[in-house]
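Written below as structure tokens is the structure these notes are about.
The values are calculated or read from the model by the stated rules, or taken from the named source; none is laboratory data. Quantities reported herein were computed from a predicted structural model and do not represent experimental measurements. For neighbour counting, all protein chains shown are included, and Cβ atoms are generated from backbone atoms with ideal geometry for every residue, glycine included.
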Amino acid sequence: MKALILAGGKGLRLRPLTDDKPKPLVAVAGKPIAEWQLDWLRANVDLEEVVFLCGWKWERLKEHFGGDYRGVKVDYSVEEVPLGTGGAFRKAIVEKGIGDEDVAMLNGDIITDLKLGDMVEARRKAKPSPAIALLLVPYKSRFGIVHIDKNNFVSSFDEKPAFPDVWINGGIYVGNAKRLLKDLPEKGDIERETFPKLAASGQVMAYPYGGFWSLVDSVKDIQEVESELKARPGRTPSRA
């Protein structure tokens with residue numbers, strides 16, 4: 001299986017860590033995010049090749065990985081100008097000659113212990129066959145919730161609660177490259193340009209997951225992920 005990893009953003013919320021490198025090379029618990037992702041992919045699917053969809057400081061990625069990571073081929077699809085997430089996926093699929101096959105597509109700032117092989121298998125078995133499966137994770141508030149009674153007195157507090165019945169895009173997708181290509185924009189985001197079209201015709205499968213998942217988008221996120229990893233003895237995303 002091939003994997004396409006979005007790695008083109010400037011990672012502004014992680015400055016100054018991203019002043020001289022792209023976000024996927026920012027270290028979490030002593031290892032770059034991209035290595036967490038590649039180890040996780042290798043542990044969960046028969047990984048043939050990884051393509052980084054890159055722009056900002058992309059040369060640093062190539063210096064770090066070269067053309068191989070632990071026996072997996074590594075390649076790069078470089079944007080001269082920002083194309084958006086949908087445009088980046090389209091460019092890579094066309095440029096690398098990816099045809100009628102399943103691909104894993106993911107944001108380059110996510111660490112998780114999702115069993116990706118189960119997600120791949122669920123999409124393959126789904127009837128009617130969807131063009132893409134979309135990971136969904138529970139929404140977790142970044143703020144504390146205050147509950148008040150009918151007299152406007154505070155009754156209780158919830159510190160950054162999770163909402164198990166409210167789902168958000170988890171930034172990991174499994175789809176058929178050939179089927180997706182016609183709905184991917186030359187320039188634009190897959191979330192705005194592609195998913196609504198596919199959903200309207202019943203081609204998007206949801207894959208809800210309530211396990212370990214984290215977006216690494218700020219220094220605070222790094223600290224929280226590192227704390228979570230330390231609290232999980234014997235379990236890391238690379239051994240999901």
State whether one or more residues within segment 97-118 are within 14 Å of residue 177 (Cβ to Cβ), without any contact (Cβ under 8 Å) to a residue 60 or more places away in the chain and surrounded by fewer than 21 Cβ atoms within 10 Å (Cβ to Cβ). yes
Every residue from segment 6-21 that is touching a residue at least 60 places away in the same chain (Cβ under 8 Å) and farther than 13 Å from residue 107 by Cα: 13, 14, 17
Flag if residue 171 is surrounded by 14 or more Cβ atoms within 10 Å (Cβ to Cβ) and on the phi > 0 side of the Ramachandran plot: yes
Please state which one of 88, 122 is touching a helix residue (DSSP H, G or I) at 6+ places or on another chain (Cβ under 9 Å) and in contact (Cβ under 8 Å) with a residue 40 or more places away in the chain. 88
Within segment 222-234, is there a residue that is exposed (fewer than 11 other Cβ atoms within 10 Å of the Cβ), aliphatic (A, V, I, L, M) and in a loop (DSSP other than H, G, I, E, B)? yes
Of the conditions (1) under 16 Å from residue 226 (Cβ atoms); (2) modelled with pLDDT under 95, the single one that residue 35 does not satisfy is (2)
